[in-house]
1. If R₀ is 35 angstrom, what is the calculated FRET efficiency for the pair residue 812 and residue 730, using the beta carbon separation as r and rounding to 0.05?
2. How far is helix 581-594 tilted, in degrees, relative to the longest principal axis of the Cα atoms in the chain, given as a value from 0 to 90 rounded to the nearest 10?
3. Report, in degrees rounded to the nearest 10, the 0 to 90 angle that the Cα long axis of helix 246-256 makes with the longest principal axis of the chain.
4. Please compute one quarter of the surface area of the Cα convex hull for the chain and express it in square nanometres.
5. Quick one: which of 664-671, 806-813 comes out on top by average Cβ neighbours within 10 Å, and what's the full order, highest first?
6. Going by alpha carbons, how many degrees (0 to 90, nearest 10) lie between the helix axis of 213-225 and the longest principal axis of the chain?
7. Can you give me the relative contact order of the stretch 675-842 as a percent, contacts being Cα pairs under 8 Å and 6 or more apart?
8. Whole number in Å², please: accessible area per residue of the chain, 1.4 Å probe, ligands, DNA and RNA not counted.
Amino acid sequence: MMDNASRSRTVADLILATRPLVDSWDEIRADDNTLHPAWERYFQALGGMSIGELSRRWDEAKHVLRDNGVSYNVYADPRGADRPWQLDAIPQAMDEDEWRNLSEGVAQRARLLDALLSDIYGAQSCISEGILPAALVFANPGYLLPLQGVVPRCGQWLHHYACELARDRQGRWVVLSDRTQAPVGTGYVLENRIVLSQAFPEAYRASRVRRLAPYFMDMRRSLQAIGGRDNPHIVLLTPGPFSETYFEHAYLARYLGFTLAESGDLAVRDERVFLKTLGGLQPVDVVMRRLDDDFCDPLELRADSTLGVPGLVQAVRAGNVAVANALGSGVVEGAGLMAYLPDLCRRLLGEELLLPSVDTWWCGEEQGLSRVLGGIESLVVKPSFPSLRAEPVFGDRLGEQGRQIMSERIGRDPEAWAGQGLVSMSGTVDWSGSHFRPRSMSLRVFASRSGDGYDVLPGGLVRVSNEPVRASLAIQVGGGSKDLWVMGREPVASVTLLPPGKNLDVFRRSGIELPSRVADNLFWLGRYAERAEGVARLSRATLARLAGESSPADGGELGLLMTAMRMLGILGAEPPTGRFGIEGAEHEVVASIFLADKGMGLQQTLSALHQAGFQVRDRISNDTWRILHHLGRDFAPGRRQNSSSLGDVANLLDTLLLHLSALAGMAKENTTRGFGWRFLDLGRRLERSQFTVEMLSIVHGASKDGRLGLESILEVFDCGITYRSRYLAELQFAQAVDLVLNDDGNPRSLLFQLQAMSRHLDTLPKLRDDPFPRRDQALVLQATTDLRLIDFLGLARDPEGPERDRLGQLLSRVRSELPTISDCISRGWLSHAETTRQLSRG
């Protein structure tokens, strides 16, 4: 915590106080140990800002990152799979002149690797001429023999390229590694830029930072150009929500206007790739992949993977689809190849390599093997081929025995290893919340195909260490990120990703291009949202009565509500042993709210709701996502306090219901009435119907006159005010049930849900060409008709008469048929979903 005096200091004061340390921060100092001009401009823009204001703005920016769901998923992470993205408040500054030289080297390197891929899968002249050792290709698991001789559409191999950079001891930028399969990071760069520019707009404008949007415009145009037709269909192929960078996949798909697809969304028929949609198979022209090469086709590449598309290689071979980057491009990613790039550049481009690699020796040649074994203590030993999935070994961290063991490993298979010189990572600063700290950094820069060359993103992903010296830069183990600001001399024009183009004479209202997987997740998003609301309302009503009744064993409203919670699977089938009376009931109900091991409880439902939303991240608005992200935050594992009162828990449920109402409002007022919305609302109506008949069935059998539980029913279904405004007398069974079941003006009534479901089902694409209703339509129509035929007037006159029995039979029948309706919907339109998610009761 900062005191008031510290908070009132300006950033300029802090820079002056820390200037003596500049000599250790090589990325912010000039040759004379003063601040680099780009940093001087940036800190001048911030200079009048107080430390307190800087901290306040940055706290708000971190909230934006969390609310936007920016994450980096880490397997087996004790902090949770969705690790919040770590972004520093201080960008990395670079002037335009330095950037120009750097970007020229990156663009040349991309051209070189593209030409090398063409040669490797074509004439292989570099191998035959002895410039490139054959073992670096043919022993490389990244070399895909099925693609030999296949020329990708438009002859372009490398559409996207990235390289990791650091400065060597001479101050030169050198390449640590190349990324040529599915380079990751542009989405995070874009989000970093948006967050920082909004947090510090004055500094952003004053620094004249180069804009990022033109790069993404060129990227989209480049992919459209290889589509083979006007307005080609482009999909972004993702491994799915368990990928560590799934946020970026969804973010880019939405930003670029591409369809986000998983392997199950695509099919190959007659050597063509198709997207499975509600309206049938839609042809795909371009696949922008986020899978490594060997995962892309289980038929011809890696049979043990289900992430790829069976038959994709054959479709590429036939020239019917373009894949970016081209399959097989991973063969040029390895460390061993970097030793030969200068000669390859002269041979293939007729140019000197502008951007050198870190000093590299391949152990597959005698000279390189001798150098590595003789000086392993000063080298980083890496696998020659990244597909071997081995971690780099730092020789200076090994003892004598460790170096001996590593040398023996290299000797057994020298072609698989390469040595690289140790690079002292550049020094920079980050913001701790109260002061600047020294950190190590590397820079990832991106390039995209543009005509015959490459356009370099005027920015980058700066990765910073979590400790001052020799700490890991990897995001997986706690490293953070910075935005790179390339500062120009001239004012920067505003750029949008939606520039004016040619006039169109085509108008669209809606389509049936919705993938079945997306429809399935939207359907269950609606179901889980409604189920969470039902459980929350029922739990809140139960807590209210726990505060005022003696024991659930006494019967009454509390006993009925707890019976309902048991029958719905929210509580166990039997009360837990060891606790009795009101204290035992209180403990059991509160536990059902917070514990994640309750299969039908609130925590489990909220988790399923969040997961369903995460899987359609590219299909929902930022506002909707923020609501989803907030849902259940107060009920996350570990948030419960044993000392919390029933009132505290009830307040949390109130807040949750407000968020769930906001989510429902976004669906109602902000969602286009396409098939996605229909499945979302269909799931909500089906789940509300299920909850309604379950609750009414319990009340129906609770007492002879049916009055027990009516007050709770009206509260849970939010109908109390309506009932009392219509009927001034005491609660009556027939009138209350009519309001909850048969009032088509009540949006919570069963009839309202059935009518909404009928409209949705009538509008869905036809499954067969005949005039007869499907089974799901017939069941909904039958339930609607039976409900309308109940004689509620007769029920009012004789609450214990035959009409009461007819009502019970109707509830029982509808209760059993609703799961059948759900199954019909799944089989008809959601049939390729991998897992069934039918909700079980009790």
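The values are calculated or read from the model by the stated rules, or taken from the named source; none is laboratory data. Please read these numbers as outputs of a predicted model, since none were measured by experiment. Methodologically, a virtual Cβ is constructed for each residue, glycine included, from the backbone with ideal geometry; neighbour enumeration extends over all protein chains shown. Ligands, DNA and RNA are stripped out before the accessible areas are found, and what is left, the full protein with its side chains, is counted by its heavy atoms. Shrake-Rupley method; radii C 1.70, N 1.55, O 1.52, S 1.80 Å.
1. Details: r = 28 Å, r/R0 = 0.80.
About 0.80, to the nearest 0.05.
2. 40
3. That helix lies at roughly 90 degrees to the long axis.
4. Values: hull surface 171.5 nm².
Directional mean of the projected Cα hull area for the chain stands at 42.9 nm².
5. Values: 664-671: 14.4, 806-813: 16.9.
Put in order of decreasing packing, that is 806-813, 664-671.
6. Tilt relative to the chain: about 90 degrees.
7. Working: 147 pairs, mean separation 43.0, N = 168.
So the answer I get is 26 percent.
8. Working: 35650 Å² over 842 residues.
That works out to 42 Å² per residue.
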